[in-house]
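Trainee: For reference, the structure I am asking about is given below.
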Amino acid sequence: MSREFYITSDQSGRRLDRFLRVLWPQVPLGAVMKAIRKGNVRLDAKKASPDTRLEEGQFIQVPWDDDIHSAVVGEHSDAELSEIDTIYKDGYVWVVNKPAGLLTQPEAKYGDSLVTRALLELKWSRRDFHPSTVQRLDRNTSGIVLIAMTGLAQRCMSELIRERKIKKIYNAIVSGDIPDNGEIDLPLIKDTEKNIVRTDKNGQSALTRYKKLGGSGK
């Protein structure tokens, strides 16, 4: 049995194949591509290619009938997780203060994370779209994280970050004394076994500019 529905503004601009993979993650990629190729997936009653960009208002037909509106928040109760520290919130963006020790995104399905807590607080039940972060902070780093509340907001903020139009400033406490300002230009690589990031000549280029704010004098 097939499913038919209209594309919303949250899905507008997304690739057809990636959109289908999000809504039906249990369907193998090969099966998704085959369905598109054979015309079993249709946009406005026409065949479409996998890289077709979706537009709001388009009518889509797919050969799968799983409920795309089933809950996505998992089995946590509201009492299990702390409330999110909100700095600013409107219909487009939710600016939150992530505490140290909390993952930005879950390691496992329904695992504790900033995203999991956000979905619980919102009582979110849609599977075709859900609010998501546009940048990440490491587990042990606290600070501001942006959560996009709509698909358009997510695309716009992600583009601003890619174009480096959003400035990020980190404050750190370090051991020992340092010059008043300077640069650290060392490549970084993630050690997956220890789950830490370290310097390595084969890592990705990383440039940090710093300014000393104060010190203990020791």
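Results for (1) closer than 30 Å to GLU56 by Cβ; (2) out of contact with any Lys or Arg (no Cβ under 6 Å at 6 or more places or on another chain); (3) of a type outside the set (S, T, N, Q), shown as yes or no for each residue.
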site	(1), (2), (3)
GLY91	yes, yes, yes
LEU102	no, yes, yes
ARG127	yes, yes, yes
THR133	yes, yes, no
ARG136	yes, yes, yes
VAL145	yes, no, yes
ARG162	yes, yes, yes
ILE169	no, yes, yes
ASP180	no, no, yes
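Trainee: Shifting gears a bit: Pairs under 7 Å by beta carbon, first residue closer than 24 Å to ILE189 by Cα and at pLDDT 90 or above in region 202-216, partner surrounded by 10 or more Cβ atoms within 10 Å (Cβ to Cβ) and small (Gly, Ala, Ser), six or more apart or different chains?
Mentor: Going by the 7 Å Cβ cut-off, the qualifying pairs are TYR210/GLY182.
Trainee: I'm checking my understanding of the structure. Among residues of region 170-186 that are within 20 Å of ARG198 (Cβ to Cβ), at pLDDT below 90 and not aliphatic (A, V, I, L, M), which one is surrounded by the most Cβ atoms within 10 Å (Cβ to Cβ)?
Mentor: If we take residues in region 170-186 being within 20 Å of ARG198 (Cβ to Cβ), at pLDDT below 90 and not aliphatic (A, V, I, L, M), then TYR170 is surrounded by the most Cβ atoms within 10 Å (Cβ to Cβ).
Trainee: Shifting gears a bit: Name the residue, out of ASP51, ASP44, that is over 12 Å from VAL62 (Cβ atoms), surrounded by 12 or more Cβ atoms within 10 Å (Cβ to Cβ) and acidic (Asp, Glu).
Mentor: One residue alone meets the criteria, ASP44.
Trainee: Can you list residue pairs whose Cβ atoms sit under 9 Å apart, with the first residue in region 16-38 being outside the structural domain of ASP128 (by TED's automatic domain parsing) and over 16 Å from GLN61 (Cα atoms) and the second being charged (D, E, K, R) and at pLDDT below 95? Count only pairs 6 or more apart in sequence or on different chains.
Mentor: Listed pairs, sorted by first residue: GLN26/ASP66; LEU29/ASP17; LEU29/ARG21.
Trainee: Return the residues of region 143-158 that are more than 14 Å from the chain's Cα centre (by Cα) and either at positive phi or buried (at least 16 other Cβ atoms within 10 Å of the Cβ) (or both); say none if nothing qualifies.
Mentor: Passing the criteria: only GLY143.
Trainee: Would you point out which residue out of ASP78, ASP67, ASP10, ASP51 is modelled with pLDDT under 95, out of contact with any helix residue (DSSP H, G or I) (no Cβ under 8 Å at 6 or more places or on another chain) and not in a strand (DSSP E or B)?
Mentor: Residue meeting the stated conditions: ASP67.
The values are calculated or read from the model by the stated rules, or taken from the named source; none is laboratory data. Predicted model only: the values in this text are computed from it and were never measured. Here Cβ is always computed from backbone atoms with ideal geometry, including for glycine, and neighbour counts include all displayed protein chains.
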